[in-house]
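Presented below is the structure to which this report refers.
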Amino acid sequence: MNAPGTSRWLGATALLLAGSLLVAGCSTTTSTGLGAGSGSAMAGVSQTEIRLGMSNALSGPVAAVCLPASEGAKAWLAKVNDEGGVHGRKVTVDVLDDGYEAPRAAANVRDLTHKGIFAMFGGCGTVSAAAISTALKGSGVPYLFPYAALPDLVEPVQPNVFSLLPLYRDQIFTAIDHLVTKAPGTVYTVTSQIPGYESTVSGAEAGVKSAGGTLLSSALLPATNAPAEQEAAKAGQHNVDYLAMTVLAPDAARMLNGMAKSHDLPAKAILSSAPLAAQSFAAALSPEAAQLLKTLSPTVPPSDPAAQECVDALRKHSPDTKPDALALFGCAGAQVLVAALQAAGDEPTRSKLTGALEEMHGAQVSSLLPTVSFNAEDHVGLDSMFLLTLDSAQQYTVEATVPLQTAP
Amino acid sequence: MTSAIITGITVGLLYGLMGFAIVALFKMTGVANFAAGTTATLGATLALKLSDQANLNALAASALAILLTAGAGLMAYLLVMRVRDDVDHLSLTVRTVGLFLLGQALLEIWLGQGQPFAFGSVLPDISTTAAGLAIPSSTLWFPLVAVAVIGAFGLIFSHTRIGLLMRGLAADADTAGLLGARTRLLAAVAWSLSSGLAAVVGILAAPSRLISSDMMTSWLLYVFAGVVIGGMTSLAGAVIGGVGVGLVQGVTYQLASDEVALLAVFAVFLLTLLVRPHGLFGAMVGERL
């Protein structure tokens with residue numbers, strides 16, 4: 001029979017053990033679950049590797065558009081790794097296919113965070129970006145630089161979400177205000193109904209007002225199966241001075257080519273946000289429409305000398321990928337990421353990474369981009385964009401760098 | 001409004017030609033081919049690839065693409081439709097949905113990065129201006145092509161042995177078979193002809209639609225609406241129905257919106273079926289009890 005003191009000691013030991021097991025159990029659960037981010041700041045970081053996750057549309061209807069975004073990012077990271085990595089660590093990206101479907105994107109986030117990634121990076125498309133952002137909410141896992149201009153990502157600011165691409169609302173406002181102010185005229189706006197399109201329409205309308213133009217009509221095109229020929233006929237009847245477009249590139253090409261055939265193109269210019277800065281779009285565009293196009297772009301075009309390093313990386317590490325706008329955007333995102341990882345020091349944590357990003361003010365961290373600025377109140381990195389035109393060979397050239405304005 | 005009417009007729013003629021290909025096959029085999037749009041896209045894609053990679057001129061590339069697509073139609077029949085074909089027509093029609101989905105996925109992979117691709121018109125530019133209005137070349141060419149296609153099919157059906165056999169097959173497949181007509185051979189020919197015609201539509205549509213794996217997807221609904229309005233058994237009805245759908249869509253889009261255009265087309269569709277259950281030009285089929 002044990003003495004009463006011994007029993008109390010054994011009881012206390014048992015309680016302590018049980019408590020320890022409970023804590024260990026909880027820790028195990030959180031370190032493999034979605035909540036790992038906040039609890040384990042070093043997830044995805046080893047002595048030799050920084051492991052990132054990416055969900056991108058590698059199959060399905062937008063794969064041809066989105067695939068180059070991940071290829072561009074991977075090519076640049078491969079170049080960085082060949083040169084020794086970041087603070088001696090290789091930066092690797094685990095890319096999963098979401099087929100541009102929200103449920104698959106969310107499932108990919110769960111898979112990747114269970115595997116233990118440092119951050120979600122890149123990807124393409126508003127539908128996937130919205131799902132990824134929602135799935136990561138509260139996890140503390142950073143979500144960096146998707147090709148998506150979705151208001152919900154950055155308004156209000158989420159501590160872990162950083163975007164490079166300005167909102168389409170601000171892009172089209174800026175394009176109209178910058179160009180229509182110089183020679184006011186009538187404006188017809190066309191917007192694809194992608195998530196967040198309502199703010200894009202209001203941005204375009206505000207831009208016309210701000211520039212002293214006359215708004216003739218604001219048309220909407222379905223995001224899929226758009227009746228581009230019919231919209232060409234409808235827009236053409238207005239004999240407009242300016243056409244302001246935030247339209248998916250294939251539909252825009254069909255519409256503008258239809259207007260060119262009927263000699264109904266706008267008298268002064270076609271103004272656009274970033275979707276029309278793709279070389280594949282330019283190649284499909286009629287010469288008459290091409291000479292009127294003025295589009296904003298987050299990156300310099302592939303033919304610009306500033307893009308050479310990235311183009312070379314693509315040729316070496318992803319030779320099948322054409323160095324088009326999305327590939328360069330992926331490459332540029334990787335350049336900004338590498339700069340932030342370097343600034344985060346040789347023992348990177350998620351908070352050091354997001355802190356390093358918020359310390360970027362007017363930083364020229366990528367030759368492809370204008371300067372990059374983040375702060376605690378603003379997680380959209382670009383304060384300006386390139387204004388591109390098409391030359392006689394239908395290659396993009398930079399006409400100007402335009403400061404971004406925020407639509408009222 | 002005039003430009004909306006011109007656009008409506010131009011697009012509607014292509015709906016009509018596509019409908020013609022569907023009805024021709026339906027009359028001869030009893031199968032409504034949901035893969036017709038994919039076949040048209042295949043034709044345009046082949047023309048693009050032959051032009052770009054084999055350095056053929058657009059006309060030669062298109063002619064070869066039409067023949068190759070006809071061959072692909074034959075293969076689709078032999079590999080998918082001919083196998084276990086002793087089932088009802090509905091089962092065979094469902095197989096064409098499978099063909100549509102498979103074809104879309106394969107074209108997505110084949111066309112890959114950089115979609116959509118431009119492909120110039122194979123027909124000479126005859127665009128003109130009338131009363132201050134620009135008339136695109138396609139608006140002038142498509143009616144001529146439609147008349148030529150209908151005329152060619154009319155000649156095949158009325159002046160060739162295989163055409164007469166096909167008409168027999170269309171009228172009563174069982175009796176035609178009992179009388180010695182080789183129904184499977186005729187079905188194979190029908191699939192080839194229909195696929196070749198779908199390729200013609202794809203190539204004609206390519207300059208305005210641009211070539212991508214989904215270039216015909218949005219048209220399929222309107223094409224089938226035109227076919228049903230015209231009458232599933234009437235070749236001329238398919239063309240007239242297609243033009244009608246194109247006109248209704250174009251004019252209502254101009255006056256209102258895409259949603260209203262879709263509503264208007266399917267209101268006409270429903271009204272037609274209520275008044276004439278077999279479509280405007282479709283034949284009523286009677287059965288002796």
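The values are calculated or read from the model by the stated rules, or taken from the named source; none is laboratory data. Just so you know, these numbers come straight off a predicted model, no measurement behind them. We place every Cβ from the backbone using ideal geometry, glycine too, and count neighbours over all the protein chains shown.
Miscellaneous remarks
- Residue B:106 free of Cβ contacts under 8 Å to residues at least 40 places away in the same chain and closer than 16 Å to residue B:41 by Cβ: yes
- Selected residue [in the same structural domain as residue A:142 (by TED's automatic domain parsing), in contact with a helix residue (DSSP H, G or I) (Cβ under 8 Å, 6 or more places away or on another chain) and without any contact (Cβ under 8 Å) to a residue 24 or more places away in the chain] from A:344, A:327: A:344
- When residue A:130 is tested against (1) within 14 Å of the chain's Cα centre (by Cα); (2) within 14 Å of chain B (Cβ to nearest Cβ), only condition (2) is not met.
- Filtering segment A:180-196 to residues that are among the hydrophobic types (A, V, I, L, M, F, W, C) and either touching a Gly at 6+ places or on another chain (Cβ under 6 Å) or surrounded by 24 or more Cβ atoms within 10 Å (Cβ to Cβ) (or both) leaves A:180, A:187, A:190.
- With respect to the conditions (1) closer than 30 Å to residue A:232 by Cα; (2) modelled with pLDDT under 85; (3) more than 14 Å from every other protein chain (Cβ to nearest Cβ), residue B:183 falls short on a single one, namely (1).
- Checking B:91, B:62 one by one, the residue that is within 30 Å of residue A:252 (Cβ to Cβ), assigned to a helix (DSSP H, G or I) and away from chain A (no Cβ under 14 Å) is B:62 and no other.
- Qualifying position, being in a helix (DSSP H, G or I), of a type in the set (Ser, Thr, Tyr) and more than 14 Å from chain A (Cβ to nearest Cβ), among B:7, B:39: B:39
- Flag for residue A:327 being in contact with a Pro (Cβ under 9 Å, 6 or more places away or on another chain) and within 22 Å of residue A:160 (Cβ to Cβ): no
- All helices (runs of 4 or more DSSP H) inside segment A:96-175 with 2 or more residues being buried (at least 24 other Cβ atoms within 10 Å of the Cβ) and in the same structural domain as residue A:68 (by TED's automatic domain parsing): A:102-115, A:126-136
- Qualifying residues in segment B:25-36 (those that are under 12 Å from the mean Cα position of the chain (by Cα) and surrounded by fewer than 24 Cβ atoms within 10 Å (Cβ to Cβ)) - the one farthest from the other protein chains (Cβ to nearest Cβ): B:26
- Applying the condition of being in a loop (DSSP other than H, G, I, E, B) and more than 9 Å from every other protein chain (Cβ to nearest Cβ) to segment A:210-228 and asking which residue is surrounded by the fewest Cβ atoms within 10 Å (Cβ to Cβ) yields A:212.
- For residue A:26, the stated conditions do not hold, so it cannot be described as at pLDDT 80 or above and either closer than 25 Å to residue B:116 by Cβ or not assigned by TED's automatic domain parsing to the domain that holds residue A:342 (or both).
- Output for segment B:73-103, where each listed residue is buried (at least 19 other Cβ atoms within 10 Å of the Cβ) and charged (D, E, K, R): B:95
- Among the residues listed as A:303, A:280, A:297, the single one being under 24 Å from the mean Cα position of the chain (by Cα), modelled with pLDDT under 90 and small (Gly, Ala, Ser): A:280
- Here is the figure for segment A:107-140: residues that are hydroxyl-bearing (Ser, Thr, Tyr), farther than 24 Å from residue A:331 by Cβ and in contact (Cβ under 8 Å) with a residue 40 or more places away in the chain total 2.
- Scope segment B:106-156; condition closer than 23 Å to residue A:282 by Cα, at the interface with another protein chain (Cβ under 8 Å from one of its Cβ atoms) and in a loop (DSSP other than H, G, I, E, B); matching residues: B:112, B:113, B:114, B:115, B:116, B:118, B:136
- Set side by side, the residues B:66, B:22 differ, and just one is surrounded by 15 or more Cβ atoms within 10 Å (Cβ to Cβ) and farther than 17 Å from residue B:211 by Cα, which is B:22.
- Any hit, segment A:348-366, residues being charged (D, E, K, R), surrounded by fewer than 17 Cβ atoms within 10 Å (Cβ to Cβ) and either assigned by TED's automatic domain parsing to the domain that holds residue A:276 or assigned to a helix (DSSP H, G or I) (or both): yes
- When we screen A:372, A:336, A:398 for residues that are assigned by TED's automatic domain parsing to the domain that holds residue A:287, at negative phi, among the β-branched types (Val, Ile, Thr) and touching a Leu at 6+ places or on another chain (Cβ under 7 Å), the only hit is A:398.
Quick grid of which residues meet (1) part of a loop (DSSP other than H, G, I, E, B); (2) modelled with pLDDT of 90 or more; (3) within 14 Å of another protein chain (Cβ to nearest Cβ):
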position: A:41; (1), (2), (3): yes, no, no
position: A:66; (1), (2), (3): no, no, yes
position: A:73; (1), (2), (3): no, yes, no
position: A:76; (1), (2), (3): no, yes, no
position: A:80; (1), (2), (3): no, yes, no
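- Apart from one condition, residue A:264 fits all of (1) in contact (Cβ under 8 Å) with a residue 12 or more places away in the chain; (2) of a type outside the set (S, T, N, Q); (3) buried (at least 24 other Cβ atoms within 10 Å of the Cβ); the exception is (3).
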